[in-house]
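The block underneath contains the structure these notes are about, expressed in structure tokens.
Readers should treat all values here as calculations from the given coordinates under stated rules, not as data from a laboratory. Since the structure is predicted, the reported quantities are computational estimates derived from the model, not experimental observations. Glycine also receives a Cβ, built like all others from the backbone with ideal geometry; neighbour counts cover every protein chain displayed.
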Amino acid sequence: MNRFFLSLLAALTLGAGSAVTFGGLNVTPRGPQNLNLETGATDLPQGGTATDARTGLRLNAAQMQLVPGARLTAQGATVTTRQGGTLRAQNVLYDLKLGTVTASGGVTYSDARLKNLTANRMVLYVKTGFVTAQGNVSAAAPVLSAEALTFDARTAQVLLSGGARLTVPGRPALVGGSKPLLLTFSGNRLLSAAAGPDAATLSRFAPYLK
């Protein structure tokens with residue numbers, strides 16, 4: 001009898017409604033919520049919007065799956081950050097404990113300094129504001145390419161590594177070769193770019209060079 005009862009309640013469908021709280025996230029579903037009583041996970045097959053008031057992160061997705069206090073996975077997602085960045089991807093994982101948003105599948109990112117940044121994979125570090133991109137990295141403005149990019153929002157600096165190349169109108173292309181390129185912004189404008197940053201600068205980026 002207990003097994004029969006549990007099987008009936010293993011997936012409990014809740015109707016659509018106003019915003020609800022899931023482990024620190026404020027979630028507004030577009031449709032029904034399917035709650036798995038055995039795992040505690042909630043599936044939003046029609047997606048919705050999730051906001052993290054602590055970090056300023058906002059996620060809108062076509063589909064969502066939540067494990068309260070642990071993680072949120074989403075498909076067809078748009079993520080906006082407190083620092084003004086917008087990320088779009090087919091697949092997104094928000095690890096609430098680590099404070100990271102990992103995106104893959106048609107990934108693009110833009111903010112006041114980087115326009116239409118694309119890569120195979122990107123990670124937003126919500127707590128520190130760092131952004132990393134790996135694999136076939138390119139951007140429309142400034143025009144750049146590399147195998148990896150790391151952006152420090154606090155200092156407005158970008159580190160490019162792995163075949164790094166920067167093209168600025170009216171100037172010869174800057175190629176890093178075996179050395180990374182360091183880009184420094186002032187406001188929304190690219191202020192300077194140079195190959196081979198010093199050891200202190202590299203050490204600041206080191207935790208994100210994975």
Rounded if a/c under 1.5, otherwise prolate or oblate - region 160-210, Cα gyration tensor axes: oblate
Two-site label geometry, Leu191 and Ser178: point separation in nm, points 7 Å out along Cα→Cβ: 3.1
For region 43-93, what class follows from the C-alpha gyration tensor (a ≥ b ≥ c being the square roots of its eigenvalues): rounded when a/c is under 1.5, otherwise prolate if a/b is larger than b/c, else oblate? oblate
Does region 100-210 come out rounded, prolate or oblate, given a ≥ b ≥ c as the square roots of the eigenvalues of its C-alpha gyration tensor, rounded meaning a/c under 1.5 and, failing that, prolate meaning a/b above b/c? rounded
Among the trypsin sites (Lys or Arg not before Pro) in region 87-178, which ones are in a DSSP loop with at most 13 other Cβ atoms within 10 Å of the Cβ? Mind listing them? Lys97, Lys127, Arg154
Sequence gap at least 6, Cα distance under 8 Å: using those rules, report the relative contact order of the chain to the nearest whole percent. 9
If R0 = 45 Å, then Gln75 and Val143, at their Cβ-Cβ distance, give a FRET efficiency to the nearest 0.05 of 0.90
Given the options Phe185, Phe130, Phe151, state which has the largest fluctuation in a GNM of the chain using a 10 Å cut-off (strictly under) for Cα springs. Phe185
Name the residue, out of Pro180, Pro29, Pro172, whose mean-square fluctuation peaks in a Gaussian network model built on the chain with Cα pairs under 10 Å. Pro172
Subtract the Cα-Cα distance of Gln83 and Gln46 from 0.36 nm times their separation in residues, and report this length gain in nm to one decimal. 10.5 nm
If the cut-off is 13 Å between C-alpha atoms, which aspartates and glutamates fall inside it for Lys179, apart from same-chain ones fewer than 8 positions away? Glu147, Asp198
Under unit Cβ charges (Lys, Arg +1; Asp, Glu -1), what dipole magnitude, rounded to 20 debye, does the chain have relative to its Cα centre? 380
Hz values of 3J(HN,Hα) by residue in region 105-111 - Karplus curve (6.51, -1.76, 1.60), Gly and Pro given as x: x, x, 7, 9, 9, 9, 8
